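Down below is the structure, laid out as structure tokens.
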Amino acid sequence: MRTAKPILKSIRNKHWAEIQKKFRNELALLGIRKKYQKTDRVYSAKDPYLGFFEVVSGIFKVYSLNSEGKEMILKIFYPGEFIATQLLFQTEEPCFYPLFCEALNGGELIHFPKGEFKSFLLKNIEALFSFSALAIEHVSYFRSKVLENQLYSVKERILIFLTESGAAENFVSLPITKQQLASLLGTTPESISRAFRILLEESVVLECENAYKIVSAGVTPLSTSQSA
């Protein structure tokens, strides 16, 4: 297997940290905090785009629904990550959220309204460049996930997911069902169960009270190198 390289929070947030360092007061005035309970919907597909969100606590999912109402999860968002940043640069109006966003458990988001944040960026070019880089990383992440589902085995995809969930350092519980994980990783629930069994048998992953920790070499997410 390939050498593991976890996605560090310092890499994920470096551009936002640069903005916070110089514009902390401005961001505090712009951001609107809102708490969500489990299954609360943040926005729906085709809702008017009102801005992006920073995850303060909890876990959130972004997903699509097919014509039959079947859910396909595209990403799980953890504290310190940002949701729907790239749409801020959409030039066509009206602009809409293309996907659904929902709380997987209780949590808090900071909402940055589109109009006010755009005005802030236009007045502060340094912040504009940093936020543009953050938005580009967001797009690159989704592109890399498509490639990972094509290039990596199910075992490797599981290890990438666990790494991004923090399982390289601590035991973590799956924030979604294995059926939902199968949707996220582009495979079947049966393949997910089989791959987990093999990872446990090979002592690559440990399990304790339905939580998992990586104890052996894993894989390098394509998104790590692209978002650094």
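The values are calculated or read from the model by the stated rules, or taken from the named source; none is laboratory data. Treat the numbers as computed from the prediction; the structure is a model and nothing was measured. Every residue, glycine as well, gets a Cβ built from its backbone with ideal geometry; the counts of neighbours run over all protein chains shown. SASA here: full protein model, heavy atoms, side chains in, ligands and nucleic acids out. Shrake-Rupley method; radii C 1.70, N 1.55, O 1.52, S 1.80 Å.
Quick notes
- Cα-projected label distance for Lys213 with Gln90, points at 7 Å along beta-carbon direction, nm: 4.3
- For Asn105, nonlocal amide neighbours, meaning residues 5 or more places apart or on other chains whose placed amide H falls under 5 Å from its own, are Thr39, Ile59.
- Computed from the alpha carbon atoms alone, the convex hull of region 92-214 holds 155 Å³ per residue.
- Pairs beyond 18 Å (Cα-Cα), from Lys14/Lys123; Lys38/Lys145; Lys178/Lys213: Lys14/Lys123; Lys38/Lys145
- Value of Rg/Rh across region 37-125 [Cα atoms, Kirkwood radius]: 0.99
- Exposure rank, largest accessible area first [Lys34, Lys155; 1.4 Å]: Lys34, Lys155
- Using θ = phi - 60° and Karplus 6.51 cos²θ - 1.76 cosθ + 1.60, couplings along region 119-126 (whole Hz; Gly, Pro as x): 4, 4, 5, 5, 8, 9, 4, 4
- With each label modelled as a point 7 angstrom along the Cα→C-beta vector, the Glu126-Glu202 pair spans 4.7 nm.
- Note on the chain: with charges restricted to the Cβ of Lys and Arg (+1) and Asp and Glu (-1), its dipole about the Cα centre is near 260 debye.
- Couplings for region 41-53, taken from phi via the Karplus curve 6.51 cos²θ - 1.76 cosθ + 1.60 with θ = phi - 60°, read 8, 7, 7, 10, 4, 6, 5, x, 6, 10, x, 10, 9 Hz in order; Gly and Pro are left as x.
- Computed over the chain, the convex hull of the alpha-carbon atoms projects to a mean area of 12.8 nm².
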